[in-house]
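**Student:** Once you've had a glance at the structure underneath, I'll fire off some questions.
No value in this document is a laboratory result; all are computed from the given coordinates. Just so we're clear, the structure is a prediction, and the values are computed from it rather than from any experiment. Note: ideal-geometry Cβ built from the backbone for every residue, glycine included; neighbour counts use all protein chains shown.
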Amino acid sequence: MAPLRILLWHLLVPALVTSHLVAAASNPSTPGPDCPSKCGNIDIPHPFGIGKGCGRPGFSPYSLTCDNSYSPPRLYMGEAEVISISTETGEIRVVTWPSYMCYNLNSSSIFTSYAGPLWDLENPFVISSRSNEFTAIGCNTVAILESKSYYTGCVTYCESIEGAATNGSQCTGLGCCQTPISGNLTTIKNYWNNNSNGTYDNPASTYSPCSFAFVAEKGWYHFNRQDLIYEGYDNSYVNRVLEARTMPLVFDWAIRDDGSCRPPPNNGEASAKPTAPACVSRNSFCINATQGSGYLCNCSKGYMGNPYVTGDKGCTNINECDIQKSNPEKYPCYSGSTCHDTEGGYKCKCKFGLKGDGRRENGCQPIFPVWAISILVIIVVAVVATFAIFEVKRRKHRRFFDRNGGDILKSMGINIFTEGQLKKITNGYKKSIGEGAFGKVYIGMTDDSQQVAVKCSTAKGDVLPQEEFVNEITFQFRISHTNLVRLVGCCLETDVPMLVFEFVPRGSLHSVLHGAGKTLPMPLPVRLDIAIGSAEALAYMHSHGGHNHVHGDIKSGNILLDDNLTPKVSDFGSAKLVSVASRYSKWCVSGDMSYIDPIYIKSGRFTEKSDVYSFGVVLLELVTRKPAKYGDNSLYIDFIRSFKEEGNGRKLYDEEILSGVDDARSHHHMECLDRISRLAVRCLKEDVDERPTMAEVVEELKEVKAISSGGSSSVAS
């Protein structure tokens, strides 16, 4: 067996750089204009710096350099490649690599070994015990980690590759093991336990000849049985790690050259915090280092930036109100209040007629006392009582509200529209954009200029419309996914309940694929993205909230596309809890018979695998651009016949997918189409146990996506 080939990287040891940086500017906290702030994709925050006068004088004994011979450029500290630097946590992440020892497959003799990196650090750096852990990999491995007056290690064993832990399992000793490391370590090296006679042996050498050990960032390593196997250097674990350059080791750093944090002055404000010379930003404070002496600087609450510099690159105010627009949970302003940014914070001012603190739930309360409101209500009721027609209408609305499950839905905090509001939104229900199993759909515009689709349900089938409505509203409100049409609200004041959804402008996938003209280009990557997004939505439905749900009416007409062709699954008129569907064999699904699972037609039982069947038909539409039913032909029947007779469905593939691409990409595309076709056929299996789950469909489609982008196709279909 040929010896392992490995690039022997130089280690980050004091011998690499012996001179400290010297002061080169009158103000060490103000890097010069020529000081680079990035190297490639890596930020270089002060007190670090590249070049004379750019870093804090005397801060680090190791020089930072940017190697522009790579694309993108790479940042090095000494000769260790830097992955990232954080001023907030006081950490620097560098690339490391494993120690290894490999035996010949047919004997117990060692044919190659490498002791791995010997890290020997100087101030201000120490090995992070908070962010790193020691890991060993092998089937007969006793790995030791050594530092000054400190030893630790772990043991891993497996009697065969199949006897090791499954892929992704925690490292508890079956193929790999992990253990925490001690704090305040500046030197670490790995070695292996030997026999009492000073020799090494490995009873597992015939199936797992190599052992590996390393200190790396917690959570980085995920066990894979392939790591135990040696099939030549190119496929070895060491080679994969070295080529990827992604094994991270975390160092803690701090300002250690001028003492520790100083307490605030006795005559200072109550909000005053500890200070230190390096914390020069106006809105910063210091905290003592968790390892070793010294301190770190942090921005005060409500500020962000670099606390080690002054000016607009230092700690500046966070505009919480801008962030709240995209992430309201991070900086909440509760109902009845509006957000107002302040220096170092924000306020939630109660709206007109309310008082209190909007940052607390129910913090905004009416200005007028309860007794005054009660009198006003009595007056209003008395006035309304004089007009019988208004009273009749009010009671009618209330009756519909109760019958439609209004109290349940209102308690969930859903947006409730009045009948008058929906009439205004739809401009008198003038423009209908579709009709489905649940009812007609109209386009509208809300007062805040949001386009919506208003669905007016109709009672169809044996299921009571009230029960169907409550089920759909409850389900829609509880789930949230990028690829599911979002529920905006509902109206309960009418005999026929109405739903308000976000408007998806492109229309349905059916229209885009099979509509008049079919002028919209549909390259393979676009079709894959549509398939993956739709499958992710169904997989999410099938596992949402601890209860499984089925859709019941999956078809290309119920997959809508936005302007970016992002798919959104719609029309949950048939959606029910699987537990309900399984309990009642006569449960009714309103759907297109070209997509309905034949097992459901025979048994009356609808499951998640019934949705999988329907999605298989949609996959066939995507690869052929033929509707499920064209003329007197059935796409399902024609495709399965071709698949059985010729082993594939290539004669039905949409020629547009392969047109205009070179031979190499045409080969990739044909391979992708074949894999999608095989997946569709599996989805359409008559035996439901042979059908994949939607989660498995998502994973396989993502593999196909990787192949279409030029990736490996070694994964079995």
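**Student:** Which order do peptides 50-59, 532-541, 124-133 fall in by mean Cβ count within 10 Å, highest first?
**Tutor:** 532-541, 124-133, 50-59
**Student:** Moving on to the next point. Show me the ranking of peptides 497-503, 328-334 by mean Cβ neighbours inside 10 Å, starting with the highest.
**Tutor:** So the order, starting with the most tightly packed, is 497-503, 328-334.
**Student:** With angles folded into 0 to 90 degrees, how steeply does helix 524-542 sit against the dominant principal axis of the chain? Use alpha carbons for both and round to 10.
**Tutor:** Helix 524-542 and the main axis of the chain meet at about 80 degrees.
**Student:** Further question: Quote the FRET efficiency, to the nearest 0.05, computed for S182 versus S86 with a Förster distance R0 of 30 Å and r equal to the Cβ-Cβ distance.
**Tutor:** With a Förster radius of 30 Å, E is 0.85.
**Student:** How far is it, in nm, from the label point at N415 to the one at E699 when both lie 7 Å from their Cα along the line to the Cβ?
**Tutor:** Those two pseudo-labels are separated by 3.8 nm.
**Student:** Further question: Between A535, N319, G168, whose Cα lies farthest towards the positive end of the dipole of the chain when Lys and Arg beta carbons carry +1 and Asp and Glu beta carbons carry -1, centred on the Cα centre?
**Tutor:** It is N319.
**Student:** Still on this structure: Can you check what the net charge comes to around Y62, using other residues whose Cβ is under 11 Å from the Cβ of Y62 (Lys, Arg +1; Asp, Glu -1)?
**Tutor:** With Lys, Arg at +1 and Asp, Glu at -1, the net is -2.
**Student:** For K685, give me every one of the lysines with a C-alpha distance below 16 angstrom, ignoring sequence neighbours fewer than eight places off in its own chain.
**Tutor:** Cα-Cα hits under 16 Å: K602, K609, K644.
**Student:** To the nearest 20 Debye, how big is the dipole of the chain about its Cα centre, given +1 on the beta carbon of each Lys and Arg and -1 on that of each Asp and Glu?
**Tutor:** For the chain, the charge dipole is close to 2300 debye.
**Student:** List the pairs from K351/K410; K325/K440; K347/K424; K52/K325 whose alpha-carbon separation is above 31 Å, in the order I gave them.
**Tutor:** Violating the 31 Å limit, Cα to Cα: K325/K440; K347/K424; K52/K325.
**Student:** Which FRET efficiency value, to the nearest 0.05, do you get for R478 and E159 by plugging their Cβ-Cβ distance into 1/(1 + (r/R0)^6) with R0 = 56 Å?
**Tutor:** With R0 = 56 Å, the Cβ-Cβ based efficiency is 0.75.
**Student:** In whole angstrom, and with the biggest value first, how far do the Cα coordinates of the chain range along each principal axis?
**Tutor:** On the principal axes, the chain reaches 93, 83, 50 Å in Cα extent.
**Student:** Which residues' amide hydrogens lie under 5 Å from the amide hydrogen of L185, considering only partners 5 or more residues apart or on another chain, with H built in the peptide plane?
**Tutor:** I127
**Student:** Taking only C-alpha pairs under 8 Å that are 6+ residues apart, what is the relative contact order of the chain in percent?
**Tutor:** Across the chain, relative contact order equals 7 percent.
**Student:** OK, next. What is the antiparallel percent of DSSP beta bridges lying wholly in the chain, to the nearest 5?
**Tutor:** Roughly 95 percent of the beta bridges in the chain run antiparallel, per DSSP.
**Student:** Beyond 23 Å, what percent of the Cα pairs of the stretch 96-245 remain?
**Tutor:** 32 percent
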